[in-house]
Every structure is written in C-alpha cells, then in structure tokens.
Amino acid sequence: MKHAYTQLIATLRHWDYEYYVLDNPSVSDSHYDAAFRELLAIEAAHPDWVTPDSPSQRVGAEPISEFNKIEHRVKMLSLANAFSLEETYQFFEKAAKDLDIATDTLPIFSEPKLDGLAISIHYDNGLFSYAATRGDGQTGEDVSHNIKTIKSVPLQLATDNPPATLEVRGEVFMPKAAFAKLNSMAVETNGKTFVNPRNAAAGTIRQMDPKIAAGRDLRFIPYGIGDYQGDAEFMAHSQILDYLARLGFRKNAPCDSFLGSFAEFTRNYALMEQVRERLPMEIDGIVYKIDTLALQNTLGFIARSPKWAVARKFPAQLALTQLLEVDFQVGRTGVLTPVARLEPVFVGGVTVSNATLHNMDEIERLGLCIGDSVEIQRAGDVIPKISKVANIGAQRTAIIMPSVCPVCGAAVERTVGQAAYRCTGGLSCAAQGAERIRHYASRKCMNIINLGTKLIEVLYSKGILHTIADIYTLKASDIADLDGQGEKSAQNVLDSIKATKNTQLGTFIAALGIHEIGEESAKAIAKQFKNYPALISATYEDLLQVPDIGPVMAKNIVDFFADAKNQAIVQAIIDAGVNWPDVAADPAQAQPLAGQTWVITGTLSMPRDQAKAALEGLGAKVSGSVSKKTTAVLAGAEAGSKLAKAQELGVKVVAEEEFKKLLANYTSAELL
Ligand code: IVH
C-alpha cells in the first residue's frame, strides 16, 4: 500500500512535468483529478506517510502572517537596458574591449526577457527548501508558501544525485490566457482587475494566503543559478540551462538561441518581435548574455548589473490616430465606461479601432476631446489605451457623460466620492440583466444551485430570461431544449427554484442587488422594517435610522423602490410564491414595558380595550386593582377611587396625553 502511494506521487509529479514543463500532457484533466483525489484519500488515512514533496503539499495549510526577510547569499543583480541595436552593439563592444578579444568572436546567448518577477528558489539535497523575491538584490522576502503552489517548480529535483545546495533563479509570470481569464472573472464578481500580467503575477506572489496563488495559473522559467554546491561543472550559461532542464525545470525555449556573430542580432531581434505576439506569455525584450562563464567572471559587474549581459527592450508600441467618437458602454453592474472609437491604426502587429478610456476622470486628466489626434499605446494583449493627446483637433467636441442610460433610458448618476457613473435602471436595464440574475440566484443570495452562471447567460441571450422575475416563469422545455441540457437537468433547475421560494426578507433584499447593499446591510434593513410593505414605504430619513446605513445606501434603496418597474418585478416574484416570514420582533425592543403592571381608570378618548392591547403589546400586564406593586395608573377623565389609591400609595399616575406620547415612542401610530 505504501508502495502504491509513493508510486502515485511519482506518477502525479510526472504528469505535472508533462503539463507544466513540457507543454505535452499525456492524460486528461479528469484523469489527473481522479488520481489526485486518490492521493488525498490515502494521505487522509495515513497522515504519517505524507512527504514534503507530495503534490498535495503545494498548498500549505494556513496563510502566513508576515513576510520573513531573506538575505541573498549571492547578490541578485539587475540588467542594464539597451533601447536600440546601436546600444546593444556598443554594450558588447565595450565588453570585448575589456576582454581584449574581437567583438564578433563573443559567444552570445539570446533569451526572451520574460515580463514577470525575479524569484530565487533554494533546494537542499534535492528538496525544495524556500523561495524569495529579489527585493533590493541584497535582501528579499520569503514567499515559499506561494512559490510552492506553482506546478512548474519541482518540489523535488529529478535526479538521483542532487547537489547539496542549489539556488535556481528565474522569472515567475502569468501566461496571457490565464491573465485574461482572471480579469474577466474579476469583472464578473466585481473584484479587483489587474493592469497587466506582470502586476497580476506580482500581486499574487504578495498574498499571505497560498490558496489564492494555488487558484491562479503562475509559471516559472529559470534563467540562471545563484548559490551552488554540487558535482556538476559548467563552462557556459547554456550548459546551466540544460542542467536545470534535466532537473525538471522549464527551458526558456522555444525562443532561446545561440547567436553566431553580431550580424545575428538584427535577424534575432526581427524574429523575436514577430514571435512575440504568438508567445503564450508577455515578453518585454530580449536578454543577450555572453555564454562562456570564464568570460563572465573576468568581466564581473558594475553597480547592480553584470557587464556580460544586457536587456534589449522592445519599444513601447505607440501610434498616432484620431479620436472619432466616444461611446458609453453599460457594464454588467451598471457602470458606464467611455470607449474611444478611433480612426483604425496599425500598432504592435494589430489594427486598433477602439480603446478604453476607463472613466470621466481619465478623460479630464488627458484633456481629451473628440476630434483630437491621440497617441495609442499597446502592451501585448492588454487593451489598447490612449496615452496622451498628441495634437488638439481643429474642430473638437467635449466628451459628455449622457444623462440617461444608452441601453434602458434610466437616469445616470455619479455616486459622491466615486469615479464611476451608473445607470439607475436597476432590475429592468437590459445591460445589467444577466448579472442581476446571476447575483440573485447566487449561493449567498437565493442560492438556486442548479441555475448557474452559464445557464443564465444562455437563457438571457436567448431572450428567455429578461429579469429576475422571469426565473419563476421558466418552463422545463425552455431548458431541456438547450444544448447539453435534458429533461432531467431541466427538472433539477425547476426543483431548485421551487425549493428556494421560502426565504428570509434579508436574503431577498440582498438578492435584489441594490448598489452598495450587501448581505449585512440587507439583514439590518430587514430587522428594522420587518416586512416588505414597511420597507417600500420607508423614507430616506427612516432608512438613515437603520444601524450602519449611510446616506448613499439610504438613497440607493429609496431610488430603487421609487422605480415602478423595480416594484413590479418584485411584486411578480411575490405573486409567483416567493415568501418570507415577518422578521421576528426583537424581544428587547418590542417589549419595553415587560415586567410592568398597569391599571387603567377613568374615561379615555380611545376604547379602553385598545389602550389595554397597546400596553400588553409592549409587554405590560394590565390589572384591575391598584397595589404597591402597580407600576403606573393610566388615568382618564373622571377617575375615581383607583386614582386616589394610587396617590395614596405613591404609584405613578400617567395622564392620557403622556400615555399617547409614550406609545408613539415605542410603536407605530396604528396601534392607537
Ligand atoms: S538575467 C545577472 N534573464 O529582468 C542577470 N533576467 O531587468 C540577472 N528577466 O531581474 C537576470 N527574463 O527579473 C535574466 N532571460 C532573463 C530574464 C530576466 C526576465 C528579468 C529578471 C531581472 C530583470 C532585469
């Protein structure tokens, strides 16, 4: 059994290697997942077997509480930059002069300059020991917990004869596709988006909780070694890369290469510029290194960079064009984003005719008007943006945020203190429809488990779902007829819709997706108003009385229910059978007179029964005779012996006017 376990570890490790290092998987994802689950099951049964190199150990149990400092045993250097072919030549001419050899005999190795962050990974006797960021080159931070989650980082080196110490240095990056996916998911869930893959990789490595890194697709490619104590003898940088590849690391290939002479630089650069678009990761230049280690050592370094390597940076991809028009796109959460329509222009290998402008602040910052000539900047797969106004247009028109939503016609408003403008169309704005439905059905809201995001999007795009109320008119045939669905799954969806009809008011309010009203605030609102009619008739001032509800939230709620379309949608949902109990009265609040005994005497302006019910409703007992234990006597006109008794015993006497004020304090007026 234990043998089977070690075998399983070796198999999984090999599959990781095939997938993440060789880009050549031999098994399907589901096959891999099944084996991984088996591994977890064995480890659960035999916790003492678990070894640190088991694939299950990539995600450590607990988030770290701080980053420990790591002193680099060998300083981590940076690279000098060259921005042209001339500068590249000059760099190596100088090196050749120092070495006193002919420039065109220098052995130059070329590698893509990966656009991520430098990481140093330490192995002791072949086992992963720790990993650190570059920091200032001298001291970095321990990020082992996140680096261990990267599947192209071996936890154990693939050799029977591991070096006593090995420090592998290289770049951690996020592939373009993984970056695009991460950002589109962030947009859907209103989460933080990243500007580019490098920021996404760096932001991930800076997380305390390794589960975040484990859920994102980071990769590692080595480009050298630092500290090393082992048997291998290296003559050249390229031999080190080959050695690392044998130990289980990825090579910088497919586009690293050995350059014969200076003449090769031009060809190599042109090739890399072309290849760049098609590479799965961002590169921001080419690194040229003198391959022979003896020559490297002779040259040494100046300040913080070696004299044997230089980074030829790609120029920023810029072009000039004209801003023709600005359209406003309404996003899934109602935010209006200005989008620049441009005179098509060729930049960085593609034709660009649109660029995002983010928000109105950005337009103001750029001083941009329609008709201006603008500079377009493009970085890899990142959406092109306008970097500046190059020339003010002869005829220019100001860019104005529309006052009504271009999709539904509802008013557009800017929340105080925020850059974004939003459509106030709420549940009926088509641009927000699918997102509203997804939110409504989501786990934390109505929890309609079988109505998932994909299905919602299909039903929405087919015009079957327009608003959240349409969920309750779905028919089995609406779903069963879709690709990949059937009678059974359709029934499951309908069952889960039905099963979630009994809900709580707080849950339902949260599910409506009113801007800024989350789970907690929805609960507080439900607690205060107790039922739906009270909620929709609540005024702005009433809402401000709710704990933790501020002016913006109060306004959003009032606006939401002031919209007849929103009310109609909610009513349709209630009519379809969605229901909740009145929120139970908070005993402390609802029974302010608990423990008190009252006596009513004399003639009141209201029926005596009503006064009695009001007192009982507040928790008081109403008795027929006055004693020392009586808390108070409610005395109407012409009160007689009971009033006298009260005065005699020193019991508090309350006149009707005072009584009414007291009731008004505790209850709503209908009680009277
Ligand atoms: S060599 C002593 N090779 O670029 C040389 N660096 O601008 C140290 N980088 O900190 C680095 N790809 O994070 C080297 N193929 C490559 C690289 C590379 C990306 C990064 C690395 C370094 C930065 C310097």
When the residues of the stretch 67-79 are narrowed to those that are away from the ligand (no atom under 16 Å from the Cβ) and either in contact with a Leu (Cβ under 8 Å, 6 or more places away or on another chain) or in a loop (DSSP other than H, G, I, E, B) (or both), which ends up nearest to I212 (Cα to Cα)? F67
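Among the candidates T149, T133, T189, T193, which residue alone is out of contact with any Pro (no Cβ under 6 Å at 6 or more places or on another chain), more than 19 Å from Q229 (Cβ to Cβ) and modelled with pLDDT of 95 or more? Even if it seems obvious, please write down each step before you answer.
Details: T149 fails: out of contact with any Pro (no Cβ under 6 Å at 6 or more places or on another chain); T189 fails: modelled with pLDDT of 95 or more; T193 fails: modelled with pLDDT of 95 or more.
Answer to the check: T133.
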Looking at A635, A613, which one is at pLDDT 85 or above and closer than 27 Å to N665 by Cβ? A635
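Condition first: within 12 Å of the ligand (Cβ to nearest atom) and either without any contact (Cβ under 8 Å) to a residue 60 or more places away in the chain or surrounded by fewer than 18 Cβ atoms within 10 Å (Cβ to Cβ) (or both). Now tell me which residues in the stretch 285-298 satisfy that.
Going through the stretch 285-298, the residues within 12 Å of the ligand (Cβ to nearest atom) turn out to be 285-290, 296.
Matches in the stretch 285-298: Q296 only.
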So I64, is it under 27 Å from N146 (Cα atoms), touching a residue at least 24 places away in the same chain (Cβ under 8 Å) and in a loop (DSSP other than H, G, I, E, B): yes
Scope the stretch 354-367; condition surrounded by 20 or more Cβ atoms within 10 Å (Cβ to Cβ) and among the small types (G, A, S); matching residues: A355
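Confirm whether E273 is in a strand (DSSP E or B) and more than 15 Å from the ligand (Cβ to nearest atom).
No: the conditions fail for E273.
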Check off (1) out of contact with any Leu (no Cβ under 6 Å at 6 or more places or on another chain); (2) surrounded by 15 or more Cβ atoms within 10 Å (Cβ to Cβ); (3) in contact (Cβ under 8 Å) with a residue 60 or more places away in the chain for Y5 and give me the number that stays unchecked. (3)
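Take the conditions over 23 Å from K176 (Cα atoms) and among the hydrophobic types (A, V, I, L, M, F, W, C) and apply them to I392. Does it pass?
For I392, the condition - over 23 Å from K176 (Cα atoms) and among the hydrophobic types (A, V, I, L, M, F, W, C) - is met.
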Please go through the stretch 30-56 and give me each residue that is touching a helix residue (DSSP H, G or I) at 6+ places or on another chain (Cβ under 7 Å), among the hydrophobic types (A, V, I, L, M, F, W, C), under 20 Å from P210 (Cβ atoms) and assigned to a helix (DSSP H, G or I), ordered by number. F36, L39, L40
Counting only residues in the stretch 114-128 that are closer than 21 Å to V195 by Cβ and crowded, with 23+ Cβ neighbours inside 10 Å, the one nearest to the ligand (Cβ to nearest atom) is identified as L114
Considering only residues that are assigned to a helix (DSSP H, G or I), under 29 Å from E516 (Cβ atoms) and either within 16 Å of the ligand (Cβ to nearest atom) or among the polar types (S, T, N, Q) (or both), which ones fall in the stretch 204-225? T204
Looking only at the stretch 226-244, count every residue that is more than 14 Å from the ligand (Cβ to nearest atom) and free of Cβ contacts under 8 Å to residues at least 24 places away in the same chain and tell me the total. 4
Of the residues that sit in the stretch 477-535 and are in a loop (DSSP other than H, G, I, E, B) and among the β-branched types (V, I, T), which one is surrounded by the fewest Cβ atoms within 10 Å (Cβ to Cβ)? T503
The residue from V21, V27, V59 that alone is β-branched (V, I, T), more than 29 Å from M208 (Cβ to Cβ), at pLDDT below 95 and under 36 Å from the mean Cα position of the chain (by Cα) is V27
Which pairs turn up if I take residues in the stretch 109-136 that are at positive phi and look for partners that are within 13 Å of the ligand (Cβ to nearest atom) and of a type in the set (A, V, I, L, M, F, W, C) with beta carbon separation below 9 Å, at least 6 apart in sequence or on another chain? G135/M76
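Quick check on G170: is it within 30 Å of A294 (Cβ to Cβ), of a type in the set (G, A, S) and touching a Ser or Thr at 6+ places or on another chain (Cβ under 6 Å)? Spell out how you get there, then give the answer.
Details: within 30 Å of A294 (Cβ to Cβ): yes; of a type in the set (G, A, S): yes; touching a Ser or Thr at 6+ places or on another chain (Cβ under 6 Å): no.
No, not satisfied.
The values are calculated or read from the model by the stated rules, or taken from the named source; none is laboratory data. These figures come from a predicted structure and were not determined experimentally. Cβ coordinates were reconstructed from backbone atoms using ideal geometry, including for glycine residues, and neighbour counts include every protein chain displayed.
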